[in-house]
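J.: The following block contains the structure, expressed as structure tokens.
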Amino acid sequence: MTSTTWQRASLVGTVAAVLGLLAFVTLRTNRPASISVALARGLTPEAPAFVLPRLDGEGIIDLAVLRGKVVVINFWASWCVPCRDEAPALEATWQQYKDRGVIILGVNVQDLIPEAQRFIKETKTTFPTVRDRDNSVYKAYGLTGVPETFFVDRQGRIVRKFPGVVTDLRRWSESVEDALAR
């Protein structure tokens, strides 16, 4: 191999490596936003799977086991004032729809266990609640803050998202009814 050929091969290899790294970083960076992007395009992405320990009792909750039910996944934290404002609407929605195959699932993030348990007691929420200890589920869903809520249909597809606080019971009911109708 001549010096020029070697330099060209080395340059091609370097460019390929840089492009590969750029593609990897871009895909890795953009992955969390993909749920929001997909929903904005009218698509229904598959809900990222998770198995998390219960915060409100013993055991775990596996999202895959809930397939066949509509699942409303609400990410919250005890220090989040809007989460506290939203809790009564979530509880009312749970009471209204739990007998129709709808699960409201609270996912506690970025919190201390005693404060999270105090929040549940103070807000009188009775729907199942789990804890995302390492923020892996928070990241998989592409959250940028709390509260944030995802509506998952019976097939495990995300059909709607509330990025922020929602206290209007009508909006909760409409979103649950839409997910039930799919």
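J.: Among the residues of region 132-151, write down those that are buried (at least 19 other Cβ atoms within 10 Å of the Cβ) and either more than 10 Å from the chain's Cα centre (by Cα) or not assigned by TED's automatic domain parsing to the domain that holds Trp79 (or both).
T.: Listed by number, the residues that qualify are Asp132, Val146, Pro147.
J.: Considering only region 146-165, how many residues are in contact with a helix residue (DSSP H, G or I) (Cβ under 9 Å, 6 or more places away or on another chain) and either among the basic types (Lys, Arg) or free of Cβ contacts under 8 Å to residues at least 24 places away in the same chain (or both)?
T.: 4
J.: Does Phe127 satisfy the condition of being touching a Phe, Trp or Tyr at 6+ places or on another chain (Cβ under 9 Å), over 17 Å from Ala47 (Cα atoms), of a type outside the set (Lys, Arg) and not in a helix (DSSP H, G or I)? Let's see the steps before the verdict.
T.: Values: touching a Phe, Trp or Tyr at 6+ places or on another chain (Cβ under 9 Å): yes; over 17 Å from Ala47 (Cα atoms): yes; of a type outside the set (Lys, Arg): yes; not in a helix (DSSP H, G or I): yes.
Yes: the conditions hold for Phe127.
J.: Here's a follow-up. Just to be sure I understand the filter: pairs with C-beta atoms under 7 Å, separated by 6 or more residues or on different chains, first member in region 126-139 and more than 15 Å from Val72 (Cβ to Cβ), second member outside any loop (DSSP other than H, G, I, E, B) and polar (S, T, N, Q). Which pairs pass?
T.: From residues that are more than 15 Å from Val72 (Cβ to Cβ), the pairs are Arg131/Asn108; Asp132/Asn108.
The values are calculated or read from the model by the stated rules, or taken from the named source; none is laboratory data. Note that the structure is predicted; figures quoted are calculated from it, not measured. In this analysis, Cβ positions are derived from the backbone assuming ideal geometry, glycine residues included, and neighbour counts consider all displayed protein chains.
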